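Trainee: For reference, the structure I am asking about is given below.
Throughout, read-outs are computed from the coordinates displayed, never taken from laboratory work. All values derive from a computational prediction rather than experimental measurement. Backbone-built Cβ (ideal geometry, glycine too); neighbour counts: all protein chains shown.
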Amino acid sequence: MAVVTYRDALTQALREELQRDDRVFLMGEEVAQYNGAYKVSKGLLDEFGPMRIVDTPITELGFAGIGVGAAMVGLRPIVEFMTWNFALLAIDQVVNAAAKMLYMSGGQYKMPMVFRGPNGAALQLSAQHSQAWESWLAHIPGLKVLTPGTPADAKGLLKSAIRDDNPVVFLEGEMLYNTKGEVPDGEHIVPIGVAEVKREGSDCSIITHGKMVLVAMKVADELAKEGITLDVVDLRTIRPMDVEAIAASVQKTNRAVVVEEGWELCGVGAQVVDFIQRECFDDLDAPVIRVHQEDVPMPYAKNLERLAKPDAAKTLAAVKKVLYLD
Amino acid sequence: MSTGAKRAPERKSKNEPEKDGAANGENPAANADDTETQAPMRDTTGTDAELRKELLRSMLVQRRFEERCAEAYALGKIGGFCHLYIGQEAISTGVMSMLRPDDYVITAYRDHGQALARGVSPRAIMAELFGKSDGCSGGKGGSMHLFDKATNFLGGHGIVGGHIPIAAGVAFAIKYRRRNQVCVCFFGEAAVNIGAFHETLNMASLWDLPAIFIIENNRYGMGTSISRSTANEDVVVRAKGYRMIGESVDGQDVFAVRECMARATERARKEKRPTLIEMRTYRFMGHSMSDAVNGTYRTKDELEENMKRDPILLLHNLIHEAGELTEGELHKIDDDAKAVAQDAWDFADASPEPAAEELYTDILVDTTS
């Protein structure tokens, strides 16, 4: 098994799927000549040409709509947003067009397309560039929403997303592109809608996804030194959510901490906790605690930004609290 | 023949002088009002009598169908938003008559007339409006979301301007596959102020996409007149900003529509270039069923003045004056149109409601690739 970066894993997935199906094309700002703002599409223009690796003007609403139209008549577009923050300009196409087309046409027009790009906060990019959008997007029936946290999942899920006949929202971690991990050699597919237990443990569950998977693993390492073992459940897909995996873990550990990058109110964690209280009520030995970004726009100053973000220390404290060890 | 207008229309003399805005270097569109109330019907497309009859039939089916829609709405058989096309039928009929079956059509929410003109089954459309399982969208779309894959009718879209980039995407796919189809996109004049319109025109021109963008200028975006919403009422000049050919035609004249479409389709198929067309028209009904016919934003006089140029009446008179059809034959076309509407009504009435299980179908498809 090769060790590759999250970025290279995504590039592999794009290349393999572009080779596999000539209906697949990639469009977005700087994806071609510039090799991608985050270099995810590096080398693809040379290999596939300008009709399939398409540089667009800075016009998110317009090119997202072009993707929708192309998908309506049978192509399989991959629409790259330079970041999901910019996708707000195109949200009508994601929510009102792509997600609704199959339903409001009575099943006549499917939408085999992917909207992808970096999501969540990086470092000191401040308020407009540091936001995690999964709870907004997961709210919408008609979409699938994926949040890979590791290189292997990035590759395997992106390949599944491109092959899916539905509109898939693919949220990459802006801070994950340089992270490394083992990716299985050869064809590697990760099914949509299936969570993975990234670490087995018996004392407390951490339910998380995306960038926070690495945080949860770090906390699991720390607590292992104290003899506390965590069951780390990586949702990987937010919609459809693998609730069976959540139940299985909570029924085993009887305690849970839910960690996400986004804000608290109406966040992904709120949905997870709702499920746990309904389906695992008698299994719980402590109230479930959520870890999330503070309820503020992301500040610029390093110290304030650190305070605003969910991190290992906050997660560790939450775990100790549900274990009544604080 | 009555075309549904409340007052018998009068025709002005053809000999009255016409205002010629173009001679002043202006687009006549901006000053079209006076011109058009006097303009005679043209027939320069070399259409034969049989085709003229077919054009009249197409327009009358739309008119009679929608008159029944208004009735059904009053009876509660149709709910929600329902936007009638009455008064604009020369555009749908003229445009569709110039397209091939493999071309694509996409439009906004005032879509009944265009769906009918494109050849979507009147029964399936009425069933959709009645919210029935035999509707062209399975009863899940309603008036604003008519879809029909068999005729490449890509909907019925409810967000002003939201479907304009989608049309460019369809045209992109045509180019991607090296085909010579075209994609026609209809929207109202109020949509030219929305960002999606500008983003799309830029890319359609930049990438040489075979799209035809048709502004149906009925002068009101809901209740706001173009003069109150748009800094330059000559909307087709916006084509220039995107290095695109722009044309402005009398949308009440089905032959003018056809002539312009002949050029635009040729341009799309041969030169792979998009076109922006303004088709000047007028809505004879309210914006939707909840809007009075005159409303607070236009006068009865203005409405009646425009109804003199009812597109159906213009074509009817031309055929009649040319002696191509007898009064009896013309009545027969109208009776047939009424029969189509009645048949659609009966079919929709008899069609069952969607099964409860349909609530959870068509949200996602099983992936096959």
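Trainee: May I ask which residue of A:N178, A:T83, A:G149 lies farthest towards the positive end of the charge dipole of chain A, with charges of +1 (Lys, Arg) and -1 (Asp, Glu) on Cβ and the Cα centre as origin?
Mentor: After comparing all options, I get A:T83.
Trainee: Averaged over its residues, how many other protein chain Cβ atoms are within 10 Å of peptide B:76-86's Cβ atoms? The partial results should precede the final answer.
Mentor: Details: counts 0, 0, 0, 0, 0, 0, 0, 0, 0, 0, 0.
Per-residue shielding by partner chains comes out at 0.
Trainee: What is the Cα convex hull volume of the range A:102-153 when expressed per residue in Å³? Display every interim value, and only then the final one.
Mentor: Values: hull volume 5.7 nm³, N = 52.
Spread over its residues, the Cα hull of the range A:102-153 gives 110 Å³ apiece.
Trainee: Still on this structure, I have one more. Taking springs between alpha-carbon atoms closer than 10 angstrom, which of A:P184, A:P57, A:P310 fluctuates most in the Gaussian network model of chain A?
Mentor: Judging by the Gaussian network model, the answer is A:P57.
Trainee: Run down the aspartates and glutamates and flag those whose C-alpha is under 14 Å from the C-alpha of A:K252, throwing out any fewer than 8 positions away in its chain.
Mentor: Those aspartates and glutamates meeting the cut-off are A:E200, A:D203, A:D231, A:E244, A:E279, A:D282, A:D283, A:D285.
Trainee: Still on this model: Starting from the Cα of A:D274, step 7 Å along the direction of its Cβ; do the same at B:E271; then give the gap between the two resulting points in nm.
Mentor: Taking the simple label geometry, A:D274 and B:E271 are separated by 5.5 nm.
Trainee: So, one more: Just from its helices, what would the mean residue ellipticity at 222 nm be for chain A, if runs of 4 or more DSSP H residues each count -39500 (n - 2.57) and the sum is divided by every residue, rounded to the nearest 500 deg cm²/dmol?
Mentor: -10000 deg cm²/dmol
Trainee: Something else about it: So what's the range B:48-355 giving for Cα Rg divided by 2.2 N^0.38 Å, two decimals? Please list the in-between numbers first.
Mentor: Values: Rg = 18.5 Å, N = 308, 2.2 N^0.38 = 19.4 Å.
For the range B:48-355, the normalised Cα radius of gyration is 0.96.
Trainee: Taking the Cα of B:K149, stepping 7 Å toward and past its beta carbon, and measuring to each backbone N in the range A:77-118: which are under 19 Å?
Mentor: Answer for the range A:77-118: A:77, A:97-114.
Trainee: To the nearest 20 debye, what charge dipole does chain A have about its Cα centre, counting +1 at the Cβ of each Lys and Arg and -1 at the Cβ of each Asp and Glu? Don't skip to the end; give the middle numbers.
Mentor: Numbers: 33 positive and 45 negative charges, 59 e Å.
Dipole magnitude for chain A comes out near 280 debye.
Trainee: Let me ask something additional. Across the range A:141-210, what fraction of all alpha-carbon pairs, as a whole percent, falls in each successive 10 Å bin from zero upward?
Mentor: Taking every Cα pair in the range A:141-210, the percentages come to 18, 48, 28, 5.
Trainee: Go through A:S105, B:L206, B:C69 and say which Cα lies farthest out towards the positive end of the charge dipole of the protein assembly as shown; charges sit on Cβ, +1 for Lys and Arg, -1 for Asp and Glu.
Mentor: The residue sitting farthest along the positive end of the dipole is B:L206.
Trainee: Explain nothing, just the number: relative contact order of chain B, from Cα pairs under 8 Å at least 6 residues apart, as a whole percent.
Mentor: Working: 672 pairs, mean separation 86.4, N = 369.
RCO, chain B: 23 percent.
Trainee: Take every Cα-Cα pair in the protein assembly as shown and report what % of them are more than 37 Å apart.
Mentor: Details: 108871 of 241165 pairs.
Tail fraction, whole percent: 45.
Trainee: Treating the beta-carbon of each Lys and Arg as +1 and of each Asp and Glu as -1, no other charges, what is the dipole magnitude of the range A:2-183 about its Cα centre, to the nearest 20 debye?
Mentor: Working: 16 positive and 20 negative charges, 63 e Å.
The dipole of the range A:2-183 has a size of about 300 debye.
Trainee: Could you line up A:K320, B:K132, A:K144 from fewest to most neighbouring Cβ atoms inside 10 Å?
Mentor: Numbers: A:K320 17, B:K132 21, A:K144 25.
In order of increasing Cβ crowding within 10 Å: A:K320, B:K132, A:K144.
Trainee: Could you compute Rg(Cα) / (2.2 N^0.38 Å) for chain A, with N its residue count?
Mentor: Values: Rg = 19.5 Å, N = 326, 2.2 N^0.38 = 19.8 Å.
Cα-based Rg divided by the globular estimate yields 0.98.
Trainee: Right, another one. Take every residue in peptide B:153-159, count the Cβ atoms of other chains within 10 Å of its Cβ, and give the average of those counts. Present the calculation step by step, with values, prior to reporting the outcome.
Mentor: Details: counts 2, 7, 8, 2, 5, 3, 6.
Per residue, the number of nearby Cβ atoms from other chains is 5 on average.
Trainee: Another question about this same structure. List the aspartates and glutamates whose Cα lies under 17 Å from the Cα of A:K39, skipping any in the same chain that are fewer than 8 positions away.
Mentor: Straight-distance partners of A:K39: A:D8, A:E16, A:E29, A:E30, A:E47, A:D55, A:E80, A:E172, A:E174.
Trainee: Further question on the same structure: Arrange the peptides A:9-18, A:158-167 so that the one whose residues have, on average, the most other Cβ atoms within 10 Å appears first. Let's see the in-between values first.
Mentor: Working: A:9-18: 22.7, A:158-167: 24.3.
In decreasing order of mean packing, A:9-18, A:158-167 become A:158-167, A:9-18.
Trainee: Let me spell out the model: positive unit charges on the Cβ of Lys and Arg, negative unit charges on the Cβ of Asp and Glu, origin at the Cα centre of the range A:196-322. What dipole size does that give, in debye rounded to 20?
Mentor: Working: 17 positive and 22 negative charges, 85 e Å.
Roughly 400 debye for the range A:196-322.
Trainee: Just for the range B:118-253, what percent of DSSP beta bridges are antiparallel, to the closest 5? List each step's numbers first, then the result.
Mentor: On the way: 3 of 9 bridges.
Beta bridges within the range B:118-253, antiparallel portion: roughly 35 percent.
Trainee: Mind checking the full-extension length gain between A:E226 and A:D326? Use 0.36 nm per residue of separation minus the Cα-Cα distance, one decimal, nm.
Mentor: On the way: separation 100, 0.36 × 100 = 36.00 nm, distance 1.36 nm.
Residue separation times 0.36 nm, minus the Cα-Cα distance, leaves 34.6 nm.
Trainee: Now for a separate question. With labels modelled as points extended 7 Å from the Cα through the Cβ direction, what inter-label distance (nm, one decimal) is found for B:D346 paired with B:S227?
Mentor: Taking the simple label geometry, B:D346 and B:S227 are separated by 4.9 nm.
Trainee: To continue, here is another question. More than 21 Å apart: what percent of Cα pairs in the range B:61-175 qualify?
Mentor: Numbers: 2064 of 6555 pairs.
Counting pairs separated by more than 21 Å, the tail of P(r) holds 31 percent.
Trainee: Then there's this: Anything over 22 Å Cα to Cα? Flag those among A:K225/A:K320; A:K110/B:K149; B:K53/B:K332; A:K180/A:K225; A:K198/A:K225; A:K144/A:K321, in the order listed.
Mentor: From A:K225/A:K320; A:K110/B:K149; B:K53/B:K332; A:K180/A:K225; A:K198/A:K225; A:K144/A:K321, over 22 Å: A:K180/A:K225; A:K144/A:K321.
Trainee: Looking at the protein assembly as shown only, what percent of DSSP beta bridges run antiparallel? Nearest 5 please. Display every interim value, and only then the final one.
Mentor: Details: 12 of 66 bridges.
Given both bridge residues lie in the protein assembly as shown, the antiparallel proportion sits at roughly 20 percent.
Trainee: List the pair-distance distribution P(r) of the range B:124-228, using every Cα-Cα distance, as the percent of pairs falling in each 10 Å bin from 0 up to the bin containing the longest distance, rounded to whole percents.
Mentor: P(r) for the range B:124-228, in whole percents per bin: 15, 37, 33, 14, 1.
Trainee: What number does the range A:176-300 give for Rg over Rh if you use C-alpha atoms and the Kirkwood radius? Working shown, then result.
Mentor: Working: Rg = 14.8 Å, Rh = 15.2 Å.
Rg divided by Rh gives 0.97.
Trainee: I would also like to ask the following. So in chain B, what percent of DSSP beta bridges are antiparallel if you round to the nearest 5? Spell out each step's value before the answer.
Mentor: Working: 3 of 26 bridges.
Once the DSSP bridges in chain B are tallied, antiparallel ones form about 10 percent.
Trainee: Among A:V24, A:V288, A:V296, which one shows the biggest mean-square fluctuation in a GNM of chain A, springs joining Cα atoms closer than 10 Å?
Mentor: Sorting by GNM fluctuation, first place goes to A:V296.
Trainee: If you don't mind, there's one more thing I want to ask. Could you sort B:296-309, B:148-161 so that the peptide with the highest average Cβ count within 10 Å comes first and the rest follow in order? Mind showing how you got there, number by number?
Mentor: On the way: B:296-309: 15.9, B:148-161: 22.1.
Ranked by mean Cβ neighbours within 10 Å, highest first: B:148-161, B:296-309.
Trainee: Please work out the FRET efficiency for the pair A:V194 and A:Q251, using the Cβ-Cβ distance as r and a Förster radius of 22 Å; give the result to the nearest 0.05. Walk me through the numbers before you get to the answer.
Mentor: On the way: r = 18 Å, r/R0 = 0.82.
In this case the efficiency is close to 0.75.
Trainee: Please report the relative contact order for the range A:2-183, taking Cα pairs under 8 Å with a sequence separation of at least 6, and give it as a percent rounded to a whole number. Walk me through the intermediate numbers first.
Mentor: Working: 372 pairs, mean separation 50.1, N = 182.
28 percent.
Trainee: Residues of A:23-35, mean number of Cβ from any other protein chain within 10 Å of their own Cβ, rounded to a whole number?
Mentor: Values: counts 4, 1, 3, 0, 2, 0, 0, 0, 0, 0, 0, 0, 0.
Neighbouring Cβ atoms belonging to other protein chains average 1 per residue here.
Trainee: Please compute, over every Cα-Cα pair in the range B:239-293, the percentage with a separation greater than 19 angstrom. Walk me through the numbers on the way to the answer.
Mentor: Numbers: 652 of 1485 pairs.
Of all Cα-Cα distances in the range B:239-293, 44 percent exceed 19 Å.
Trainee: Here's something else I'd like to know. Along Cα→Cβ, 7 Å out, is where each label goes; now give me the distance between the ones at B:A49 and B:T367 in nm to one decimal.
Mentor: Taking the two extended label points, one gets 6.1 nm.
Trainee: Please state the shape class of the range A:262-326: rounded when a/c is under 1.5, otherwise prolate if a/b exceeds b/c and oblate if not, all from the C-alpha gyration tensor. Mind dumping the intermediate values first?
Mentor: Numbers: a/c = 4.62, a/b = 1.66, b/c = 2.78.
Oblate, because a/c is 1.5 or more while a/b does not exceed b/c.
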